[in-house]
1. Neighbouring Cβ atoms within 10 Å as the yardstick, rank B:Tyr29, B:Tyr213, B:Tyr118 fewest first.
2. For A:Val17 and A:Ile181, calculate 0.36 nm times their separation in residues minus their Cα-Cα distance, and state this gained length in nm to one decimal.
3. Between region B:238-286 and region B:45-84, what is the separation of their alpha carbon centroids in Å?
4. Taking every Cα atom in chain B, find the radius of gyration and the maximum pairwise distance Dmax, and write them in Å.
5. Exposure proxy check: B:Lys162, A:Lys111 ranked by fewest other beta carbons within 10 Å?
6. Sort A:Val17, A:Val231, A:Val249 so the one with the fewest other Cβ atoms within 10 Å of its own Cβ comes first.
7. Mean-square fluctuation check for chain A, GNM, Cα pairs under 10 Å: which of A:Ala245, A:Ala253, A:Ala95 is largest?
8. Can you give me the relative contact order of region A:250-320 as a percent, contacts being Cα pairs under 8 Å and 6 or more apart?
Amino acid sequence: MSRVSLSPKILFSIVGVFFLIIIPLISTTGFVLHVAILILLWAMLCLSLNIIFGYGGQLSLAHGGLFGIGAYTYGVLATKLSIDFWLAFPIAGVATGIIGLLIGIPSLRLKGPYFVIVTLGFNIILVAIIENLSSLTEGVNGLTGIPGPRGIPWLFFASDFSSKMSQYYLILFFLLVFWLIMYFIKNSQFGRCLVAIKKDEDLCQSVGINTMWIKVQTFVVSSILAGLGGVLYASYVGILTPHDASFHVGFDALVYLSVGGIGTVVGTIIGPAIMILISEFLQALVEIRLFINGLALIILIIFMPQGIAGGFTYLWKKLFQSGEKYVA
Amino acid sequence: MAELFQQILNALVLGSIYCLVASGLSLVYGIMHVPNFAQGNLYMAGAYVVFFLGSILRINYWFVFMATVIVMGAVGLIIERLCFRPVRDAPHVNSFVIALGVLMAIEGLIVIFFGADYKEVRPPWKKIVDFYGVTITGQRLLVILGTVLVMIILQFFIKRTKTGMSLDAMSQNRELALMVGVNVNRMSSLAFVISTGLAGVAGALMAPVSYVYPAMAMIPLLIAFAAVIFGGMGNLTGAILGSFIMAGTQVFSTQYLSAVISDIAIFGIMIAVLLFRPKGILGGRG
């Protein structure tokens with residue numbers, strides 16, 4: 001880690017980001033790009049879940065609802081009030097943050113299974129509210145005709161977002177920003193407090209850390225990122241139903257994150273990439289997806305709780321650095 | 001007045017189902033400290049077993065009932081052995097995630113085999129009982145009476161038999177029970193088998209009353225959790241009391257207010273209990 005310039009981690013990140021940037025140039029069909037965009041959008045949700053669950057150790061099942069709140073806030077603002085994407089984007093972020101604060105303050109007082117159950121309950125309530133505010137959200141019929149982002153005329157590379165390729169780069173841009181945010185959270189004093197709270201909350205309290213406040217802040221940041229992911233999702237697909245806010249969305253994100261590696265940066269993209277590619281290959285057998293997701297989750301947690309990223313790191317250390325001693 | 005009694009009867013029917021699901025949750029939590037998120041789906045799976053045996057193979061309902069309980073018990077044995085035992089010594093959150101995986105796998109299997117649409121199971125007993133203007137179908141009466149019978153048997157098993165008492169001892173004080181030689185593996189399997197068996201009973205009783213469909217799992221699961229939390233996690237009597245209170249809240253707030261308010265009321269009660277009486281309203285062990 002000391003030789004930053006030659007660290008394999010940095011090298012892999014650069015190669016990975018480069019690969020993500022050239023995907024639209026090497027992909028031949030619109031379908032490939034569509035799948036790539038879906039992977040990026042799921043990576044955003046995995047990333048937001050990773051902040052609260054991977055680093056903070058709090059398994060939130062409300063993230064499907066928070067994603068849906070962001071998406072619906074943008075959808076309603078754009079279709080009912082014709083508010084521009086670039087104005088609605090921050091508004092939706094703030095709205096999701098406030099909802100996250102309202103959910104986080106009571107839930108984070110609870111520990112272990114209670115937190116998980118209460119967040120699941122909040123997701124059910126959020127969906128019930130979305131379904132019943134039908135004057136705004138069109139209820140179970142779904143909200144249609146949500147516009148994509150408007151181009152920025154004075155920015156030559158962002159002057160038009162009508163093509164799939166430009167949407168890909170827009171979403172990739174935000175994903176990279178989110179990754180940077182996550183990276184800074186992880187490596188800050190705040191992030192270290194967070195990991196310490198995950199390990200032993202009572203001990204942190206006894207040395208004077210306000211653990212509740214740190215957890216609430218983390219939950220709010222995580223909510224905002226989930227909501228912004230929802231905004232990008234809504235602006236890309238153009239149609240929303242209450243199912244987009246259901247707890248199943250959060251469950252899927254949990255599966256993808258577990259496959260990639262809970263608590264890792266690279267896992268937030270590896271997981272969605274692998275699982276979405278598998279489900280696209282099995283296109284004919286779309287019913288099987290839920291079963292495969294459940295099975296993958298069980299098998300991974302039993303045999304490889306660190307996910308693919310963790311397994312790869314382990315192999316790497318075994319193969320190339322066997323002479324050094326590692327503390328597990 | 002008759003309408004009020006009708007609502008009370010509805011609450012009793014729903015409460016019975018929640019009670020069966022919640023007792024299973026409470027039992028497994030007491031022994032294994034796993035919040036079994038798959039419990040609602042096991043209830044749904046039980047209803048599908050009834051649909052398969054009763055409506056497709058056309059076997060007599062009473063045989064189907066017995067078969068469902070046995071099948072679900074076997075399913076519980078397999079799930080405990082293959083999914084939960086390997087993570088017993090891992091961090092707690094792993095078993096939560098495993099439970100979610102089991103939930104998804106069961107729902108996926110059901111959708112693969114039966115599809116996601118509504119199925120109907122014909123009630124075996126079509127008679128309608130009329131009691132001074134309050135009517136109840138035979139099957140609904142069976143739900144209430146069946147639940148009472150099953151709960152009496154369960155209580156008898158736990159309080160009066162040696163195996164049941166070791167189960168109770170383990171949920172009260174794990175370390176002490178281990179010290180006097182209670183077998184953890186055996187107790188975990190037993191708790192899981194009883195819990196899935198209870199979910200099977202609930203599914204078998206409820207299948208002829210309502211439609212059978214994959215999404216029927218979630219609301220009973222969450223209300224059962226609310227009930228278990230209301231009575232205190234791992235406390236069986238509390239879970240039974242909580243189930244009927246939650247069912248009453250649900251039925252009356254849906255009738256006189258609205259369905260959304262009913263959902264919010266139930267989770268509101270749950271969150272309030274967690275924040276102010278974290279060990280449950282009966283104040284038992286947490």
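1. Details: B:Tyr29 22, B:Tyr213 18, B:Tyr118 12.
With the sparsest Cβ surroundings first, the list reads B:Tyr118, B:Tyr213, B:Tyr29.
2. Numbers: separation 164, 0.36 × 164 = 59.04 nm, distance 1.57 nm.
Length difference between fully extended and current span is 57.5 nm.
3. Distance between centres, Cα-based: 30 Å.
4. 18.5, 58
5. Numbers: B:Lys162 7, A:Lys111 12.
Arranged by neighbour count, lowest to highest, B:Lys162, A:Lys111 become B:Lys162, A:Lys111.
6. Numbers: A:Val17 15, A:Val231 32, A:Val249 24.
Ordered from fewest to most neighbouring Cβ atoms within 10 Å, A:Val17, A:Val231, A:Val249 come out as A:Val17, A:Val249, A:Val231.
7. Of A:Ala245, A:Ala253, A:Ala95, the Gaussian network model singles out A:Ala95 as fluctuating most.
8. Working: 68 pairs, mean separation 28.6, N = 71.
So the answer I get is 40 percent.
Quick note: the coordinates plus some simple rules give every number you see, no bench work behind them. Bear in mind that the values here come from a model prediction, so they are computed numbers and not experimental data. FYI the Cβ positions are ideal-geometry reconstructions off the backbone, even for glycines, and counts take in every protein chain you see.
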